1. Quote to one decimal, in nm, the extra length available between HIS305 and LYS92 on full extension: 0.36 nm per residue of separation minus the C-alpha distance between them.
2. May I ask you to derive the FRET efficiency for SER176 and THR136 from their Cβ-Cβ distance with R0 = 22 Å, giving the value to the nearest 0.05?
3. What span do the alpha-carbon atoms of region 161-311 cover on each of the three principal axes, reported in whole Å from largest to smallest?
4. Given an 8 Å cut-off on Cα distances and at least 6 residues of separation, report the relative contact order of the chain as a percent.
5. Let me check the size of the chain from its C-alpha atoms; what are the radius of gyration and Dmax in Å?
6. Tell me the label-point distance for the pair TYR8, VAL163, using the 7 Å Cα-to-Cβ offset, in nm and rounded to one decimal.
7. So, by mean Cβ neighbours within 10 angstrom, what's the order for 95-104, 272-281, 42-51 with the highest one leading?
8. In the P(r) worked out for region 1-59, what percent of Cα pairs fall beyond 17 Å?
Amino acid sequence: MGFHVSAYNDKDSNWPWFLEFLGGGVFHTNNWPPLPAKLTVDDRSHPVTMNLPASFISPDNEWYIWKPSPRLNKDVQVLITLDLSNYPIGFKDVLKSGDLPVVWTNTRYKMLYMNMGHGDKIFTSSIQNKLIEDATLWLGSTSTQTAMSVATGTEISPHAVVVNPKTSKVYAVNTSNDTVTVMDGSTNSIATVGVGSEPMAISVNSVTNKIYVGNSGSGTVSVIDGVSRTIGNTISLGGKSASSRIAFDPAARTAYLTRFKENTVCLVSADTQTVIATVPVGKMPFGVAVDPVTHTAYIANIQDHSVTVVTRR
């Protein structure tokens, strides 16, 4: 599955296999700036699009026109097209007309291309999220049938997913339904664990097999036992929100939780399961990474474009 510029090629690319793989289309032109657009679903019987409405509005994107259109290739199945009602689209660079397939598959391969993906709004449409979810399930299936069973409840999350390398279990937050999905690759089993309100962040302590989930809606951290898949403890952080991101230092047995509304980072002890320190950082801290050798956390602050360094003594 490829998004947006992953399919870019031009007359100088000189990669015949890739051109054939995509369906023969060479990049021709695009609109600018990125704008939302109405999309029409060409085939609602395909597993990728069967759960979509006949048309929907896709978030801001830079829309590509290809020459020749992939639609002209007998092996290409176009699933979604830019609706003609969008033309003209653009302000600086304007698309006035043209056939513009948005989602298609080259039936000679198990592949799918989506024009969407420019900028940070790709996940702001629930309809488009469903498209991406079903596309992932279809590409990951071994069945050659055109029909697909109902989704198992495992949904794509743009917020947080983590793996415990010792148990090979994957944990993903589901912000909309207040759960964490647990995927076990060895048994191909899926389970869900109820956590706090609006989980946004997740990290694993692989030493103790504990999973830390930051619930932004309830201002808490749920600690999941990796063996029993139950909540072993709920830590209250107070304030307006829990963490937007979590990183764990296994050697120091400490979790670092960024809190973008409070402009702080909370340090949680794995031993006492309590907040042991709250450190002021920059404005709107979001990302966090930990060096387990020096016990140093690096926090990216969005609003003031800075990085705060926090060292555990």
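Each value in this text was obtained by applying a stated rule to the coordinates, not by laboratory testing. Quick caveat: nothing in here was measured; it's all calculated off a predicted structure. Every residue, glycine as well, gets a Cβ built from its backbone with ideal geometry; the counts of neighbours run over all protein chains shown.
1. Working: separation 213, 0.36 × 213 = 76.68 nm, distance 2.85 nm.
My answer for the length gained is 73.8 nm.
2. Working: r = 17 Å, r/R0 = 0.77.
It comes out at approximately 0.80.
3. Rounded to whole Å, the extents work out to 45, 34, 27 Å.
4. Numbers: 741 pairs, mean separation 28.7, N = 313.
Here the relative contact order equals 9 percent.
5. Considering the chain through its Cα atoms, Rg and Dmax are 22.5, 65 Å.
6. Placing both labels 7 Å along Cα→Cβ, they lie 2.9 nm apart.
7. Details: 95-104: 19.3, 272-281: 14.4, 42-51: 17.0.
Descending packing order for the listed peptides: 95-104, 42-51, 272-281.
8. Details: 991 of 1711 pairs.
Of the Cα pairs, 58 percent sit more than 17 Å apart.
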